[in-house]
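Data block below; observations after.
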Amino acid sequence: MTGSETPAPPDSTPAEIPVLVQAAPAFAYVRPSQTPVVAAGSAPALNISTGFSATSLGMPTSGRAVLGGVDLSVATESGRRFGAKLDLNYERLPNAFSTGQSMDLFSYLIGPVFYPSNGALLSTSVHLLVGGARVGGPFSSANGVVQLGHVNYPAWAMGGGVECRLSPAFGFRVSVDYLRTHFYDVSGVIRGQNDVRIVNSLVYYFGKSTRKR
């Protein structure tokens, strides 16, 4: 058409839009896990001890009888001051009160332990243990006849000890207990008796010590 401009065809080339592409990082950062550090004196520890024990039984009818035997205990230390203990003890007297009959004592006790001092080389402890005890042997009846019997009755012990660390694996412990057991009196009735027990034992420690060095 004369005097008119022919419109230019639309540009088919797509418009270039600048895009910023961020390259992926060449490394990854892994945050290390924060494992809490167990303070010295707070981790549980286990020890086992065995040794010789002697008990003076306060018999209701015949005075006192001294028995000797072995003691086995397993103890844990859950911290600087507290723990728990399982104690097994067997003792025997071959000729009780010149009767020709033997007397024996088997106790099985468990309970808490408190450590007033718990050092790397020397420690002290007190404990209160409850459980049972079997006492068997001769006793005199009201008419003077010697009879045999045994009593399996609740028992408890209260006492303390001193422990010396000989090496990282071994130690030596001395403990003294007041032990409450039961046996027959002259009338054949079960009565409580007041006993004293002394234990000397060798201690073996499992794992690392909880004690401060």
(message) Can you classify segment 126-192 as rounded, prolate or oblate using the Cα gyration tensor, where a ≥ b ≥ c are the square roots of its eigenvalues, rounded means a/c under 1.5, and otherwise it's prolate if a/b beats b/c and oblate if not?
(response) prolate
(request) Would you please give the FRET efficiency between L202 and L148, computed as 1/(1 + (r/R0)^6) with r the Cβ-Cβ distance and R0 = 25 Å, to the nearest 0.05? (result) 0.10
(message) Order these by the 10 Å Cβ neighbour count, fewest first: F139, F97.
(response) F97, F139
(request) Grab every C-alpha pair in segment 45-206, bin the distances at 5 angstrom width from 0 up to the longest one, and report whole percents. (result) 2, 9, 18, 21, 16, 12, 9, 6, 4, 2, 1, 0
(message) Expected output is a single nm value to one decimal: the length gained when fully extending between I190 and T99, i.e. 0.36 nm times separation in residues minus the C-alpha distance. What is it?
(response) 30.7 nm
(request) Order these peptides, 105-114, 168-177, by their mean beta-carbon neighbour count within 10 angstrom, highest first. (result) 105-114, 168-177
(message) Placing +1 on the Cβ of each Lys and Arg and -1 on the Cβ of each Asp and Glu in segment 45-206, which of N47, H182, S102 has its Cα farthest towards the positive end of the resulting dipole?
(response) N47
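The numbers here are math on the coordinates, done by the rules we state, and not lab data. What you are looking at is a predicted structure, and each value in this text was computed from that prediction instead of being measured. Note that we place each Cβ from the backbone using ideal geometry, even for glycine, and neighbour counts take in every protein chain shown.
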